[in-house]
Amino acid sequence: MRRPTADRQQSHVRITRRALVLGGAQVGFAGLLGLRMRYLQVEQADQFRLLAEENRINIRLIAPARGEIFDRKGVRLAANEPSYRITLVREDAGDVETVIDRLSRLIELDEDELNRAMTEMRRSPPFLPVTLADRVSWEEMSRVAVNTPALPGITPEVGLSRRYPMKCDFAHVIGYVGPISDYDLSRLENPDQLLRIPRFQIGKVGIEAKHEEILRGKAGTRRVEVNAVGRVMRELDRNDGTPGADLQITIDHALQGYVQARLGEQSAAAVVMDCKSGDLLAISSAPSFDPNLFVRGISVADYRALTENKYRPLANKTVQGTYPPGSTFKMVTALAALEAGVVTSEDTVWCPGHLEVSDRRFHCWKRGGHGHMTLEAALRESCDVYFYKLALDVGIENISAMARKLGLGIRHDLPMSAVASGLTPTKDWKRQVRGAQWVLGDTVNAAIGQGFVLSSPLQLAVMTARLATGRALLPQLVKSVNGVEPETPEITPLDINENHLRAVRRAMFAVSNHRRGTAYGSRITEEAFRMAGKTGTSQVRNITAAERREGVSRNEDLPWERRDHALFVNFAPVDDPKVAVAVVVEHGGGGSAVAAPIARDITLQALYGEEPPLSAYPASDRSRIKALQERLRRELPERNNDGRDRA
């Protein structure tokens, strides 16, 4: 049945209206979509282009070449050498375990190194490279490089690693680099991005640490294009950054090697200082260690061997160790008394072998006494009673002031770790630090470098150089930075009467050259190089009455760690001082028997610049010296490879 015409017309109108509404909605939607597309493609084009580039292009840091360190003659002491390593970037790798499993089929991966790398990976941002294998061979590098399409995120790299060609000779001076730790980062407010790279190497101790910023340099960058799986397709551009500055230090590598060999395995320290400039020519602490062990992270076994050694090879005894200076301090007491006018060089003091002070008896080392002593005789024979009496007359304040004037009790500004200030005590110091009043017995002890007085071998060398020259010399360790010598302060004269200094020098000359001098057996017989010096023995502890009843009556009868320290200071030549030397042998016993021969040998080596002739030694000592020289001649070539590492 056909619908009426009116119904057909009404139906057509409704369909047309709906079509218009629907068509309008479609046109509106298309318009909105077009506007959105225009917004994204035109107005937001730069932003989305940047996002696309970031997905396609990676910016990676380039570690700069670390500055090298040279001795005063241009011999390399800290060098860089090529090192092959395999790194992984977590965000490029995808399935890290699968990639590492594939890599392990190509090269051998150390389990400890791999565990360390995985720990670093979990703690580090995903875009930072983590080292999976270090110091791999060229063959291993080649195998990895050929298979990189199947190893997403893996990159074989050639970098630079630190090497210390002189090994133990400069360990305490130069220090070493090592992988950066969380503790290192925690001490920095705004660390360089380089430092956030896992296992990036920084200076840990010594010059490497103190001059870290100028040795490190500035990071470079490179832009690389990568594909969807993170494989590097090409390098777009590179900025190599700024390499670190090279340092030249004042130490002579040959002399340093000799001093280190001469100290041997004793627990000892020696410092050689130039009396003209204040340059440190040698500064050695024994026993030492090989800093190369620390470069990639020292093993537990190696570290335990160092820390459990009773001779403390990790400690830098030259600047960190402080010891009672013993009789080497007597020049300070003598000058304080001379300057205060309480004594002259010709006055005599009676030494009966002891001095009663406040109901306590202070003994001289010579129990029978020295008799009448002048200043020269007292220093020459190291009479204790003479200096006890001077100290009571001059007072501790004047003694401590003179000590500081000569460089003791002062922290000298050197780029070395844990430089100690020592101690020159005063009444105020004891009241503030010990909470007690100063007593006369404290002054008596201080007069001979015992009691509260503490000095480092470096400070004793500075004291000796100032006594020798009458100038306020300061120790210098850095000679130049990138070939430019730093400005050094003007060396001013000491505010000490020159006649008083001459009197002390004459007495020090007698110590080494008078038959009754305590160091006569270690004299220099070569007229042009004769030295002036002073022996010292600093007491670690008294032998108790109970120990004496058990038969312990001598220092040698005690266990090693309870024996006295042996000290000796000297300068030479007497008429025109060129070097000042200080030697401390921990628990070595007597300074005249142990420290003085070492200091004499070091002094001759420094003055001759090579092995001294036997004629420079006393005739009675030449056979022993000849045997010593032969032994050192065999040892030194193993330490000294300057031919390969000269700049």
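Taken over region 122-162, the criterion of being β-branched (Val, Ile, Thr) and over 30 Å from the mean Cα position of the chain (by Cα) is satisfied by 144, 146, 148, 154, 155. From the list 113, 140, 120, 97, the lone residue that is closer than 23 Å to residue 292 by Cβ, at pLDDT 85 or above and not β-branched (Val, Ile, Thr) is 140. Which of the residues belonging to region 470-497 are surrounded by fewer than 18 Cβ atoms within 10 Å (Cβ to Cβ), in a loop (DSSP other than H, G, I, E, B) and of a type in the set (Val, Ile, Thr)? Within region 470-497, 488, 491, 492 qualify.
Checking 199, 162 one by one, the residue that is among the basic types (Lys, Arg) and either at pLDDT 80 or above or in a helix (DSSP H, G or I) (or both) is 162 and no other. Within 38 Å of the chain's Cα centre (by Cα) and either touching a residue at least 12 places away in the same chain (Cβ under 8 Å) or under 29 Å from residue 207 (Cα atoms) (or both) - does that describe any residue in region 89-97? Yes: one or more hits.
Kindly list, by first and then second residue, each pair from a residue in region 410-436 that is more than 24 Å from residue 488 (Cβ to Cβ) and assigned by TED's automatic domain parsing to the domain that holds residue 332 to a residue that is of a type in the set (Asp, Glu) and part of a loop (DSSP other than H, G, I, E, B), limited to pairs with Cβ atoms under 8 Å and residues at least 6 apart or on different chains. Between residues of region 410-436 that are more than 24 Å from residue 488 (Cβ to Cβ) and assigned by TED's automatic domain parsing to the domain that holds residue 332 and residues that are of a type in the set (Asp, Glu) and part of a loop (DSSP other than H, G, I, E, B), there is no close pair. Could you tell me whether residue 123 is in contact with an Asp or Glu (Cβ under 6 Å, 6 or more places away or on another chain) and among the basic types (Lys, Arg)? It is false that residue 123 is in contact with an Asp or Glu (Cβ under 6 Å, 6 or more places away or on another chain) and among the basic types (Lys, Arg). Quick one: which of 450, 459 is in a helix (DSSP H, G or I), in contact (Cβ under 8 Å) with a residue 40 or more places away in the chain, within 13 Å of residue 328 (Cα to Cα) and assigned by TED's automatic domain parsing to the domain that holds residue 583? Result of the check over 450, 459: 459. Of the residues making up region 131-154, those that are out of contact with any strand residue (DSSP E or B) (no Cβ under 9 Å at 6 or more places or on another chain) and among the aliphatic types (A, V, I, L, M) are 146, 150. Here residue 333 fulfils each of the conditions (1) closer than 18 Å to residue 462 by Cα; (2) in contact with a His (Cβ under 9 Å, 6 or more places away or on another chain); (3) polar (S, T, N, Q) apart from (2). Residues in region 559-581 that are small (Gly, Ala, Ser) and over 15 Å from residue 511 (Cα atoms) were compared, and the one that is surrounded by the most Cβ atoms within 10 Å (Cβ to Cβ) is 580. Against the definition (modelled with pLDDT of 95 or more, over 20 Å from residue 320 (Cα atoms) and not in a loop (DSSP other than H, G, I, E, B)), how does residue 576 come out, yes or no? No; evaluated as a whole, the condition is false for this residue. Screening region 308-403 for helices (runs of 4 or more DSSP H) wholly inside it with 2 or more residues that are β-branched (Val, Ile, Thr) returns the ranges 330-340, 384-394.
Scanning region 557-568 turns up one or more residues that are modelled with pLDDT of 95 or more and out of contact with any His (no Cβ under 9 Å at 6 or more places or on another chain).
The values are calculated or read from the model by the stated rules, or taken from the named source; none is laboratory data. Since the model is a prediction, treat every value here as computed from it, not as a measurement. All Cβ positions, glycine included, derive from the backbone under ideal geometry; neighbour counts span all protein chains shown.
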